[in-house]
Ligand code: PEP
Ligand code: MN
């Protein structure tokens with residue numbers, strides 16, 4: 001159920017609705033918007049009788065939610081969510097760039113890549129400290145030592161740190177020393193981890209599961225939001241298909257498909273989405289053209305000796321060129337997206 005307040009409703013009126021929801025043991029999720037506040041309700045097992053809210057002062061409408069999601073929808077928040085990370089944003093006017101190595105390997109590597117990321121004007125530095133590897137014998141990440149390096153990079157460059165939490169206690173560390181909690185494809189349906197991230201105040205970057213439908217992915221976002229964390233960024237990173245020319249099939253149609261349903265920002269990861277460095281830039285261009293709010297790109301100063309995902313890593317100079325290209329595309333597409341379709345005048 002969703003309660004929409006009148007455009008001019010007073011804050012006390014919204015508070016009274018929130019109290020009424022809490023009184024019956026349910027959880028209110030107030031979403032203030034540009035023109036009105038909507039209040040989502042979670043915690044009910046079956047349908048709620050909406051008539052009890054209908055006549056409360058300031059209430060414009062009580063809507064029964066028939067879709068499987070409640071909080072991610074445009075019904076709840078018609079404007080796009082802009083996730084703020086300090087002075088950087090994802091989902092706003094700026095194209096969000098999250099770049100860095102697959103894994104933090106050592107201080108020299110991490111600093112060399114961070115320097116290139118900083119120089120490109122990107123605001124976010126990514127890097128795995130704990131790596132979810134297919135083989136238990138593959139490099140698992142530096143752990144504690146990696147965190148130390150991340151902390152230094154954050155301080156030295158002022159970049160916002162994005163790193164993947166594999167376990168709930170990793171979220172504690174990211175809360176203390178990082179900026180954005182990444183939930184990886186392999187953990188998209190790790191519900192206790194989603195709930196833990198949902199109890200955090202830090203933004204959560206939620207990757208699409210390797211074989212997740214749009215609905216499953218959005219319901220994973222719903223898990224995070226249901227716990228009270230509304231700063232969720234969706235990341236399309238490709239899904240497994242029958243193709244063999246790419247590591248995954250990057251489903252760029254998910255960007256407009258999500259836009260139609262949800263207010264959450266969506267970014268594209270052409271690195272895991274293709275698995276090959278030569279495909280990363282073309283697919284990054286396409287991701288921006290299709291309307292993504294940002295990109296996640298893997299960069300390595302020596303891809304040939306990378307301890308993970310070397311084949312898809314761009315060198316710093318390839319990365320710098322990618323950034324120039326995608327910014328040019330963004331400049332062209334932004335006015336089109338903001339103004340709607342271009343009218344062709346027939347003489
Ligand atoms: C990553 O971004 O480092 C990663 C492991 O990606 P994914 O979860 O999309 O496979
Ligand atoms: Mn990787």
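When every alpha-carbon pair in the range 2-63 is counted, what percent end up more than 19 Å apart?
Of the Cα pairs, 19 percent sit more than 19 Å apart.
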**Study point:** the range 64-161 - Rg and Dmax from Cα coordinates, angstrom
**Key:** 17.5, 55
Review point. Of all the C-alpha pairs in the chain, what % are more than 34 Å from each other?
Key: 27
Check your understanding: Most exposed first by the Cβ proxy, i.e. fewest other Cβ within 10 Å, how do 309, 251, 269 rank?
Key -> 251, 309, 269
Check your understanding: Just 253, 38, 114 to compare: in a GNM of the chain, with alpha carbon springs under 10 Å, which one fluctuates most?
Key -> 253
**Study point:** Contact order relative to length of the chain, as percent, for alpha carbon pairs under 8 angstrom and 6 or more apart
**Key:** 15
Point to revise | C-alpha long axis of helix 11-23 to longest principal axis of the chain, angle in ° | key: 90
Practice item. Compare 239, 162, 305 in a GNM of the chain, Cα atoms joined below 10 Å, and give the one with the largest fluctuation. Key: 305
Exercise for review: Show that you can apply the helix-only estimate: for the chain, add -39,500 (n - 2.57) for every DSSP H stretch of four or more residues, divide by all residues, and state [θ] at 222 nm to the nearest 500.
Suggested key: -11000 deg cm²/dmol
Check your understanding: Using the 10 angstrom Cβ neighbour count as an exposure proxy, how do 260, 208 rank, fewest first?
Key -> 260, 208
Review point. Given springs between every Cα pair under 10 Å in a Gaussian network model of the chain, which of 278, 230, 137 has the largest fluctuation?
Key: 137
Check your understanding: Can you give the percent of C-alpha pairs in the range 244-284 whose distance is more than 12 Å?
Key -> 57
Review point. In whole Å, how far is the Cα centre of the range 1-62 from that of the range 211-259?
Key: 29
**Study point:** Helix 168-177 vs. the chain, principal-axis angle (Cα, 0 to 90°, nearest 10)
**Key:** 80
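For the range 83-333, what proportion of DSSP beta bridges, expressed in % and rounded to the nearest 5, is antiparallel?
In the range 83-333, DSSP labels about 15 percent of beta bridges as antiparallel.
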Point to revise | Helix axis angle, 107-119 relative to the chain longest principal axis, alpha carbon, degrees | key: 60
Point to revise | Distance between the range 270-322 and the range 104-173 - C-alpha centres, whole angstrom | key: 17
**Study point:** Residue exposure sequence - 200, 276 - by fewest surrounding Cβ within 10 Å
**Key:** 276, 200
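Quick note: the coordinates plus some simple rules give every number you see, no bench work behind them. Predicted model, so just to flag it, every value in this text is computed and none were measured. Here Cβ is always computed from backbone atoms with ideal geometry, including for glycine, and neighbour counts include all displayed protein chains.
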